[in-house]
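These notes are about the structure you will find just below.
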Amino acid sequence: MLLGHLAVRVPSAFLGTAYSFSRRPRINLLFARQSRSFGLAAAEKKVEDMDKVVDRSLHLLPNATPVVGLNCKAAFENLSPTERLYAHHLARASFEGSLIVFLQVSPESGGIFVLLHRLFSSESIEAVKEKALAAGFTEDEWQNFLVWTGSFYSNSGNYKGFGDSKFVPFLAPEKVQKMVSSSKAASIYPDLLSIYSAVERGIFSLDGRTAGLGFNDTGVSTYHSETVRKADSDLINRYMKEKNLEGWNTRLFKEEVNGKTILKIKFASTNVNVKDEDFEGVKVQLEKGDYAEILARTTAHLIKAGEYAATANQKAMINKYAEHFTSGEVNDHKDASRLWIKDVNPIVESYIGFIENYRDPAGVRSEFEGFVAAVNKETSKKFAHLVEKAEFILERLPWGKAYEKDTFLKPDFTALDIIAFGSSGIPAGINIPNYDDIRQNEGFKNVSLSNVISAMPKQKMNFISEEDENLIFEYNGKAFEVQVGLHELLGHGSGKLFQRNADGSFNFDKENTVDILTGGKVTSWYEPGETWGGLFGQLASAYEECRAEAVGYVLCCDADILRIFGHDGEFGQLIKYVNWLSEIRAGLLALEFYNADQQKWGQAHCWARYVLTKVVLEAGQGFVTIAETKDSEGGDDLSFKLDKTKIDTVGMPAVKEFLKKLQGYKSTADVKGATALFHKYGSVGPTELKWRDICIAKRKPRRIFVQPNTKLTADGQNVDLIVYPETTEGIISSFVDRYSSESICDLEKLWKADQKYFPAAYE
């Protein structure tokens, strides 16, 4: 999946107090001054125990955060009434199911959602604002509360979907509490204040553990209960491998009962049952029924969507999705995915389930995701042409026929205008399904999300010349479309995994295949039951994104490929330059997402892009230069330059050689070699740490999306598209309109049931 284009210790408890500013970004001085003007000093005692070591300025959202809309009006209006009904119920299934994400992110996110929905559904946003101003909010503070709320909704929780770091409001907790207590919602819902009390700490707290996602001893994760450690996760991985189980739709909770350790694997399903057995001295309990109430609503809309399916295959696919959410069996979702691959060139495209495992610190469990979109026919023609040429283009990749799939299974590749996307973030492109056995042997699909790529706010760009900035403003959409196409189809869609089959045979010529890294025989491979994600764990996502990105860099240098996208001659060379410039620069900007305290990366795509930036820097010869300079105010700055005349002679060969290594280690299941390679280029030294400080000081806020809703007409025979303003108020209104009070009650019930597994969050 391709997404579009931090932590320094401080001694104080909150902003607005004395700091030691050595090696701190200048932006923190600004935030410190702003905090005093916002009247936050009064809040210091309240949160004194909440943030001993973390610089809060890195976790605050600017009031200037851009809001962009997903424009699908024309695509939706081109659908027939039956297609609109199909899309509507898939959108409803996706959005209902996405409430699960709030329970997957942090202990408090489910409760925060309930609080906000009741607050804003009980009276108008303007009426809530009046209560806030009466509670002592300034206009700036109210705007920050709106930005925080809109970001919470858009990220499906209070941790960034891109970056995994926590974001907190720029407010004193007492003011929020006062606003909530005086709201109309407080008079309607007697338990509203108790909900606020339960989540207040989670809203504002920041310390070394809660600042980012991770295993619960170093970060926050609700994929695991509070007491689960990596050793427990590793034990369960061994158990699941032995039992031939996959953990996509699971969570792992740990309990101690009568001196006996119980590791509970909770499967998402509407069916409820429990069975257990002993394994390596602990009791392993398999419990179905996680998120049952939410999945019941999801399944109901899927079944309804099936009534409007265009083909028998499409109807069978929808039914299999519903079976999966009912049974909790991954094989049902695999069967649905097989049918989805065969649903070629649909007018309405969708996929739903527990899909991406970026945010599980163990790299095993996946976030719920569901989307529905209408096909963008003109752009899809380009991708169809790319698919036709793909088998021949793959021969250009630097690993040879033995390292490529025996047969290239031509996938469906379409450009889509998203109508609804329920998850923690909206990507620019997707290559799915993620099941290794299906991808290797049966096929996959690629989608490019046209209205996501085009929804780009125009912001001042750091570190580049005005000329390069203008080029990116004008041509980045076209360049990014090329990168998405190559990344998804020929990046994620390429390469073979060497495997020993259950009968002892191999899926490659073991005696004659040459190890492309050593020149000798291949000596390692995937054993039966081993998967790419399971074996490579936390490294897998960033490593695979890096491999796919590198494929895009290399292949966009070929004139005939650029011609497929309509870019020929000098214009094609310009598009190539803009792609390399924007993507390699993104690797520098990615330093914002590196956690210096824990010395780890918080986002797979960022780590991947940084690695490639280090690769081209190592290539030397003046191809890429990053120089420390001063800005107009005398502050630290950077100058990023890429020599367009050396892309083919320096940049492309360096990336191509690195790409060969990535594929070599991946194909042969060489985790040790892959880890050493990736960490060599992914390490952040003293120079890069200084660059990181400058990137943080000058960082730009990421866009957040406001999505439309679909609504049945009064006669139930057609569907209207409800579009909202590109404002934070628009985001709030779209979420308030999206969910019924019954859905919110179900979410509240599940959130409260989870609380016993996260006691520290509610102390």
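The values are calculated or read from the model by the stated rules, or taken from the named source; none is laboratory data. All values reported here derive from a predicted model rather than from experimental measurement. Because the Cβ atoms are built from the backbone with ideal geometry, glycine has one as well, and the counts that use them run over all protein chains shown.
Only residues that are of a type in the set (A, V, I, L, M, F, W, C), buried (at least 21 other Cβ atoms within 10 Å of the Cβ) and more than 30 Å from T261 (Cβ to Cβ) were counted in segment 278-324, giving 5. Can you find a residue that is farther than 18 Å from L712 by Cα and not charged (D, E, K, R) anywhere in segment 80-89? No, that holds for no residue.
Within segment 387-410, the set of residues being modelled with pLDDT of 90 or more and basic (K, R) comprises K389, R396, K401.
Given the criteria surrounded by fewer than 23 Cβ atoms within 10 Å (Cβ to Cβ) and not in a helix (DSSP H, G or I), does F162 qualify? The answer is yes for F162.
Scoring V274 on the criteria (1) in contact with a Lys or Arg (Cβ under 7 Å, 6 or more places away or on another chain); (2) part of a strand (DSSP E or B); (3) surrounded by fewer than 17 Cβ atoms within 10 Å (Cβ to Cβ) leaves a single failure, condition (1). Applying the set (1) of a type in the set (G, A, S); (2) surrounded by fewer than 22 Cβ atoms within 10 Å (Cβ to Cβ); (3) modelled with pLDDT under 95; (4) closer than 25 Å to N144 by Cα to A231 leaves exactly one unmet item: (4).
Can you tell me which condition W148 does not meet? The list is (1) of a type in the set (F, W, Y); (2) assigned to a loop (DSSP other than H, G, I, E, B); (3) in contact with a strand residue (DSSP E or B) (Cβ under 8 Å, 6 or more places away or on another chain), and all the others hold. Condition (2) is where W148 drops out.
From the list K661, K666, exactly one residue is surrounded by fewer than 21 Cβ atoms within 10 Å (Cβ to Cβ) and either over 23 Å from A604 (Cβ atoms) or at pLDDT 95 or above (or both). Which is it? Explain how you work it out, then say what you get.
Numbers: K666 fails: surrounded by fewer than 21 Cβ atoms within 10 Å (Cβ to Cβ).
Criteria check complete, one pass: K661.
All of (1) assigned to a helix (DSSP H, G or I); (2) surrounded by fewer than 19 Cβ atoms within 10 Å (Cβ to Cβ); (3) among the hydrophobic types (A, V, I, L, M, F, W, C) hold for L245 with one exception: (1).
What are the residues in segment 691-735 that are of a type in the set (V, I, T), more than 23 Å from the chain's Cα centre (by Cα) and farther than 18 Å from V68 by Cβ, if any?
Hits for segment 691-735 are I694, T710, T713, V719.
Checking each residue in segment 242-260 for being modelled with pLDDT of 90 or more and not aliphatic (A, V, I, L, M) picks out E242, K243, N244, E246, G247, W248, N249, T250, R251, F253, K254, E255. Out of the residues in segment 606-649 that are surrounded by 14 or more Cβ atoms within 10 Å (Cβ to Cβ) and basic (K, R), which is nearest to Y577 (Cα to Cα)? It comes out as K644.
Quick one: would you say V128 is within 22 Å of the chain's Cα centre (by Cα), of a type in the set (A, V, I, L, M) and either within 21 Å of T727 (Cα to Cα) or surrounded by fewer than 21 Cβ atoms within 10 Å (Cβ to Cβ) (or both)?
On the way: within 22 Å of the chain's Cα centre (by Cα): no; of a type in the set (A, V, I, L, M): yes; either within 21 Å of T727 (Cα to Cα) or surrounded by fewer than 21 Cβ atoms within 10 Å (Cβ to Cβ) (or both): yes.
No, not satisfied.
Here I294 meets the list (1) β-branched (V, I, T); (2) in a strand (DSSP E or B); (3) within 24 Å of H88 (Cα to Cα) almost entirely, failing just condition (2). Exactly one residue out of L591, L612, L659, L638 is of a type outside the set (D, E, K, R) and in a strand (DSSP E or B): that is L638.
Mind listing whichever residues of segment 325-382 are buried (at least 23 other Cβ atoms within 10 Å of the Cβ), closer than 14 Å to Q314 by Cβ and of a type in the set (V, I, T)? Once the filter is applied, which keeps residues that are buried (at least 23 other Cβ atoms within 10 Å of the Cβ), closer than 14 Å to Q314 by Cβ and of a type in the set (V, I, T), segment 325-382 yields V348, I352, V372. Among residues that are of a type outside the set (S, T, Y), outside any loop (DSSP other than H, G, I, E, B) and crowded, with 22+ Cβ neighbours inside 10 Å, V199 is included. If I filter segment 450-469 for residues that are under 29 Å from F506 (Cβ atoms), in contact with a strand residue (DSSP E or B) (Cβ under 6 Å, 6 or more places away or on another chain) and surrounded by 15 or more Cβ atoms within 10 Å (Cβ to Cβ), do I get at least one hit? The answer is no, given that none of the residues of segment 450-469 is under 29 Å from F506 (Cβ atoms), in contact with a strand residue (DSSP E or B) (Cβ under 6 Å, 6 or more places away or on another chain) and surrounded by 15 or more Cβ atoms within 10 Å (Cβ to Cβ). Residues of segment 562-602 that are touching a His at 6+ places or on another chain (Cβ under 7 Å) and within 16 Å of L486 (Cα to Cα): I564, I575, S582.
Report yes if D720 is surrounded by fewer than 21 Cβ atoms within 10 Å (Cβ to Cβ) and outside any loop (DSSP other than H, G, I, E, B), otherwise no. Steps first, please.
Numbers: surrounded by fewer than 21 Cβ atoms within 10 Å (Cβ to Cβ): yes; outside any loop (DSSP other than H, G, I, E, B): yes.
Yes, satisfied.
Just one of the numbered conditions (1) crowded, with 17+ Cβ neighbours inside 10 Å; (2) within 27 Å of D55 (Cβ to Cβ); (3) in the same structural domain as W601 (by TED's automatic domain parsing) is not true of R702: (3).
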